[in-house]
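Please treat every number below as a calculation from the coordinates, not as lab data. Predicted, not measured: the structure shown is a model, and the values here were computed from it. Methodologically, a virtual Cβ is constructed for each residue, glycine included, from the backbone with ideal geometry; neighbour enumeration extends over all protein chains shown.
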Amino acid sequence: MVPKVSSLSLLFLSLLLLFSLSSAKTPPKPRAFLLPVTKDASTKQFITTIYQRTPLVPAKLSIDLGQQFLWVDCDKGYVSSSYKPVPCGSIPCKRSFSGACTESCVGSPSPGCNNNTCGQTIYNPFIRTSTTGELAEEVVSLQSTDGSNPRKYFSTNGVVFGCGSTFLLEKLAKGVKGILGLGNGYVGFPTQLANAFRVPRKFAICLTSSTTSRGVIFFGDSPYVFLPGMDVSKRLVYTPLLNNPVSTSGSYFVGEPSVEYFIGVTSIKINGNVVPINTTLLDITKDGKGGTKISTVDPYTKLETSIYKALTKAFVKSLAKVPRVKPVAPFKVCYNRTSLGSTRVGPGVPPIELVLGNKNATTSWNIWGSNSMVAVNDDVLCLGFVDGGVEFEPTTSIVIGAHQIENNFLQFDIANKRLGYTSSLLFSQTTCGNFNFTSKA
Ligand SMILES: *[C@@H]1O[C@H](CO)[C@@H](O)[C@H](O)[C@H]1NC(C)=O
Ligand SMILES: *[C@@H]1O[C@H](CO)[C@@H](O)[C@H](O)[C@H]1NC(C)=O
Ligand SMILES: *[C@@H]1O[C@H](CO)[C@@H](O)[C@H](O)[C@H]1NC(C)=O
Ligand SMILES: *[C@@H]1O[C@H](CO)[C@@H](O)[C@H](O)[C@H]1NC(C)=O
């Protein structure tokens, strides 16, 4: 009798011990991660830093919403014991629509040169140039967040990226070693992180207009809190993200869909009046033309020529009483700052309203003065939209550029195929520069 009891209680004790040990070993699962983003003064590129490789090293990267995956320069100084080439025919290879396989690389094995490795197109949108490079997996370390402050770093292995070349760094901001591709696809950084860290497949960007404060990218769930204590996730308005069946990248494999974020603009209004445009141009055709996408590499919204003409005409008409001044390239419509006056949301001009969605459910993204007007010097403000012109590459009709999304909070909810947006945060008396980057333990 006695031994039986004691062995039972021993078992119970050791079970208890096991339970408490395993729960002590598992840190609370982070719900979200973040990256700080700065705006480079000379190139206007948005820059972040990720920690990658073993041992971990910081890599400065330009962000690109429209790129299929993260890539870094592998030619120069790439040292890592955790570098793992992605084999031909593997899931990441197939799901990146790769049409290339390096069966045999001449030379000694090194990052960028391995046998039986999945080949990909590594693209720099700033010089519109690409090369082929291998896909690989690496360790990445990222700072978690509770939505209000940065928290502990967590590492994961197996994050897919592309191995690029030094010459592809041309025209990237100083010190930048590659591009953070935030595109909507299996090898896109958001989906890679979601799979690795088991956080929801969504991310949000908040870009600053100033080159002296830091904006932020969140990966995973809300809240998204900006000083003074405002959770902007409560202000999000949603519109569907649309598929474009044909890649809109400067370089891609046949059969590859676009990984860019398209939304359904159905009309444009200024001061409540519909701007007369050919709405057929707003649809995405089956060969991937037309439609509206969001870009972080185009500094200003780029419009198909007829839309550009109609929009500038309507804008000028809405400010008919205000004298224009000599335009400053690349813009065509400019005013003296003093004649426009100013408001909480920037220069006093009528908002440009993008009507989104479909006939049953529309929402409005209002572009206010701080996002529509660009200060080209101390005196002169110009309408910050440009004519896509004839060389307009692969013909997306409206490319919403970086100036128009600064201080607008955008959540790309990939899993639920929708975009959450706030319009200008200046209305809510905060900015993208107001995240509290002081770490909490
Ligand atoms: C690839 O395989 C060939 C043939 O086995 C070998 O000679 C070569 O060194 C290998 N290359 C690399 C980079 O491993
Ligand atoms: C509208 O645009 C479409 C697509 O470019 C074109 O085929 C059509 O002719 C245009 N319609 C008008 C009235 O210009
Ligand atoms: C803008 O207006 C100010 C004040 O009226 C004037 O001093 C300045 O010369 C004007 N600048 C231009 C470019 O017209
Ligand atoms: C930023 O966060 C830190 C850490 O929680 C806190 O001590 C500090 O007061 C916060 N700053 C502001 C301006 O609220």
Checklist outcome for this item: Semi-axes (Å, rounded, descending) of the ellipsoid equivalent to region 349-417 per its C-alpha gyration tensor are 25, 18, 13
Next on the checklist: I'd like to compare 210-216, 325-331, 189-195: which one has the highest average count of other Cβ atoms within 10 Å, and what's the full order after that?
Outcome noted: 189-195, 210-216, 325-331
Checklist outcome for this item: Interchain or sequence-distant (5+) residues whose placed amide H lies within less than 5 Å of the amide H of GLY348 are GLY341, SER342, THR343
Next on the checklist: Out of all Cα-Cα pairs in region 179-294, roughly what percent, to the nearest whole number, are more than 20 Å apart?
Outcome noted: 58
Next on the checklist: Could you work out the percent of alpha carbon pairs in region 28-104 separated by over 20 Å, rounded to a whole number?
Outcome noted: 53
Next on the checklist: Please list, in order along region 354-368, the HN-Hα scalar couplings obtained from phi with the Karplus expression 6.51 cos²θ - 1.76 cosθ + 1.60 (θ = phi - 60°), rounded to whole Hz, x for Gly and Pro.
Outcome noted: 8, 8, 10, x, 10, 4, 7, 9, 10, 10, 10, 9, 8, 9, 8
Checklist outcome for this item: Residues meeting the amide H criterion for ILE367 (H placed from the backbone, H to H distance under 5 Å, 5 or more places apart or on another chain) are ILE352, GLU353, LEU354
Checklist entry - Among all the aspartates and glutamates, which ones have a C-alpha under 17 Å from LYS286's C-alpha, if same-chain residues fewer than 8 places away are not counted? => result GLU256, GLU260, GLU393
Checklist entry - Where Lys and Arg each count +1 and Asp and Glu each count -1, what net charge lies around ILE400 among other residues with Cβ under 9 Å from its Cβ? => result +1
Checklist entry - If all Cα-Cα distances of region 112-248 are sorted into 5 Å bins from 0 onward, what percent lands in each bin, rounded to whole numbers? => result 2, 8, 14, 18, 19, 17, 13, 6, 2, 1, 0
Checklist entry - Say we join alpha carbon atoms closer than 10 Å with springs in a Gaussian network model of the chain; which of VAL187, VAL376, VAL159 then has the biggest fluctuation? => result VAL376
Item to check | Whole-Hz ³J(HN,Hα) from phi, Karplus 6.51 cos²θ - 1.76 cosθ + 1.60, for region 374-380, glycine and proline x | outcome: 10, 7, 8, 7, 4, 9, 10
Checklist entry - Rounded to two decimals, what is Rg over Rh for the chain when you use alpha-carbon atoms and the Kirkwood radius? => result 1.04
Checklist entry - All other residues with a Cβ under 15 Å from the Cβ of LEU340 taken together, and with Lys, Arg as +1 and Asp, Glu as -1, what is their net charge? => result +2
Checklist entry - Normalised by the residues of region 33-199, what does the relative contact order come to in percent, with Cα pairs under 8 Å and at least six apart? => result 31
Item to check | Angle in degrees between helix 2-25 and the longest Cα principal axis of the chain, rounded to the nearest 10 | outcome: 30
Next on the checklist: Only sites in a loop by DSSP and with at most 13 other Cβ atoms within 10 Å count here; which trypsin sites (Lys or Arg not before Pro) in region 303-380 make the cut?
Outcome noted: LYS321, ARG344, LYS359
Next on the checklist: Tell me the mean residue ellipticity at 222 nm calculated for the chain from its helices only (DSSP H runs of n ≥ 4, each -39500 (n - 2.57), averaged over every residue, nearest 500).
Outcome noted: -4000 deg cm²/dmol
Checklist outcome for this item: Over 30 Å (Cα to Cα) among LYS174/LYS234; LYS44/LYS293; LYS326/LYS359; LYS202/LYS359 -> LYS174/LYS234; LYS326/LYS359
Checklist outcome for this item: the chain: longest segment with zero exposed GluC sites (Glu not before Pro), where exposed means DSSP loop plus at most 12 other C-beta atoms within 10 Å, is residues 171-390
Checklist entry - Ordered by residue, what ³J(HN,Hα) values in Hz, to whole numbers, does region 144-157 give under the Karplus form 6.51 cos²θ - 1.76 cosθ + 1.60, where θ = phi - 60° and Gly and Pro are x? => result 7, 8, 9, x, 10, 9, x, 10, 4, 7, 10, 10, 8, 9
Checklist outcome for this item: The alpha-carbon center of region 296-363 and that of region 171-211 are separated, in whole Å, by 29
Checklist outcome for this item: The helix 305-318 Cα axis meets the longest alpha-carbon principal axis of the chain at an angle in degrees, between 0 and 90 and rounded to 10, of 60
Item to check | All lysines inside 25 Å of LYS84 as judged from Cα atoms, apart from same-chain residues fewer than 8 positions distant | outcome: LYS60, LYS76, LYS94, LYS177
Checklist entry - To one decimal place, what Kirkwood hydrodynamic radius in Å is obtained for region 107-174 from all pairs of distinct Cα atoms? => result 14.4
Item to check | Simple label model, 7 Å out from Cα along Cβ direction - VAL328 to VAL57, nm | outcome: 4.0
